[in-house]
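**Student:** Got a structure for you, written out below as structure tokens; questions coming shortly.
The values are calculated or read from the model by the stated rules, or taken from the named source; none is laboratory data. If you're wondering where the values come from, they're calculated on a predicted model, not measured in any experiment. Counting neighbours? That spans all protein chains shown, and the Cβs are built from the backbone with ideal geometry, glycine included.
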Ligand SMILES: [Zn+2]
């Protein structure tokens, strides 16, 4: 079975109950039918981002010294955090609903919204950063390639040569 076939079902398997337990999108999965179509699609793409991070990742240690799999983020933190804030900062989102040209540089509260403010720390925070970047790449490739070109290149380098995923999905 491909990882993309009914992939959201995988999050309900008992062995996967602890996967991304702190992820805000994961907590929304049982209520997906309550969201509008676009929001539900965003949530599923974020969860697909988590799966790709694991499937295309390398072994690394989490904060409990357990081995996990994740795409290497060395040197990418600034871009990853810029994208996460740009897509998730609630005050920035609210301001943009009034004026679409609002920029994160306009006000201090429009910056520095990270996974830590969603109760995700350490390896959990890094997983959120990458899942959100992959969601952005899936939904709007030019957005990610423009704002975070090094992140986009790292995702391509991890996913595209990987035989477990590249027959189903490749990033340009
Ligand atoms: Zn997540």
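**Student:** If you go through segment 24-44 one residue at a time, do you hit one that is in contact with a strand residue (DSSP E or B) (Cβ under 9 Å, 6 or more places away or on another chain) and surrounded by 14 or more Cβ atoms within 10 Å (Cβ to Cβ)?
**Tutor:** Applying the first criterion (in contact with a strand residue (DSSP E or B) (Cβ under 9 Å, 6 or more places away or on another chain)) to segment 24-44 yields none.
Among the residues of segment 24-44, not one is in contact with a strand residue (DSSP E or B) (Cβ under 9 Å, 6 or more places away or on another chain) and surrounded by 14 or more Cβ atoms within 10 Å (Cβ to Cβ), which makes the answer no.
**Student:** Which pairs turn up if I take residues in segment 151-170 that are at pLDDT below 95 and look for partners that are surrounded by fewer than 12 Cβ atoms within 10 Å (Cβ to Cβ) with beta carbon separation below 8 Å, at least 6 apart in sequence or on another chain?
**Tutor:** Close Cβ pairs satisfying both conditions: 168/2.
**Student:** Quickly run through segment 98-112 and pick out the residues that are more than 19 Å from residue 79 (Cα to Cα) and in a helix (DSSP H, G or I).
**Tutor:** 98
**Student:** Determine if segment 58-65 includes at least one residue that is touching a helix residue (DSSP H, G or I) at 6+ places or on another chain (Cβ under 6 Å), more than 26 Å from residue 156 (Cα to Cα) and at pLDDT below 95.
**Tutor:** Going residue by residue through segment 58-65, those that are touching a helix residue (DSSP H, G or I) at 6+ places or on another chain (Cβ under 6 Å) are 62-63.
Cutting the leftovers down to more than 26 Å from residue 156 (Cα to Cα) gives us 63.
Among the residues that remain, those that are also at pLDDT below 95 are: 63.
Checked against the condition, which is being touching a helix residue (DSSP H, G or I) at 6+ places or on another chain (Cβ under 6 Å), more than 26 Å from residue 156 (Cα to Cα) and at pLDDT below 95, segment 58-65 yields at least one hit.
Matching residues to (1) within 16 Å of the ligand (Cβ to nearest atom); (2) under 15 Å from the mean Cα position of the chain (by Cα); (3) loosely packed, with under 14 Cβ neighbours inside 10 Å:
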position: 95; (1), (2), (3): no, no, no
position: 113; (1), (2), (3): yes, yes, no
position: 133; (1), (2), (3): yes, yes, no
position: 143; (1), (2), (3): no, yes, no
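**Student:** Next question, about the same structure. Cβ contacts < 7 Å: first residue outside any loop (DSSP other than H, G, I, E, B), restricted to segment 16-42; second residue near the ligand (Cβ under 10 Å from one of its atoms) and modelled with pLDDT under 90, any location; separation 6+ or different chain. Result?
**Tutor:** 26/20
**Student:** Regarding residue 72, is this residue away from the ligand (no atom under 16 Å from the Cβ), in contact with a helix residue (DSSP H, G or I) (Cβ under 9 Å, 6 or more places away or on another chain), under 17 Å from residue 153 (Cβ atoms) and in a loop (DSSP other than H, G, I, E, B)? Break it down into steps so the answer makes sense when it comes.
**Tutor:** Values: away from the ligand (no atom under 16 Å from the Cβ): yes; in contact with a helix residue (DSSP H, G or I) (Cβ under 9 Å, 6 or more places away or on another chain): yes; under 17 Å from residue 153 (Cβ atoms): yes; in a loop (DSSP other than H, G, I, E, B): yes.
Answer is yes for this residue.
**Student:** Got a sec? Which of 124, 119 is within 14 Å of the chain's Cα centre (by Cα) and in contact (Cβ under 8 Å) with a residue 12 or more places away in the chain? First the steps, then the outcome.
**Tutor:** Details: 119 fails: within 14 Å of the chain's Cα centre (by Cα).
None of the others qualify; the one that does is 124.
**Student:** If you don't mind, another one. So residue 22 passes all but one of these: (1) within 11 Å of the ligand (Cβ to nearest atom); (2) at pLDDT 90 or above. Which condition number does it fail?
**Tutor:** (2)
**Student:** Ok, one more. What is the residue count in segment 145-168 for residues that are surrounded by fewer than 17 Cβ atoms within 10 Å (Cβ to Cβ) and assigned to a loop (DSSP other than H, G, I, E, B)?
**Tutor:** Count: 8.
**Student:** So which residues in segment 61-76 are within 22 Å of residue 144 (Cβ to Cβ) and surrounded by 13 or more Cβ atoms within 10 Å (Cβ to Cβ), if there are any at all? It would help to see each step written out before you state the result.
**Tutor:** To start, the set of residues in segment 61-76 that are within 22 Å of residue 144 (Cβ to Cβ) comprises 69-76.
Correct list: 70, 71, 72, 73, 76.
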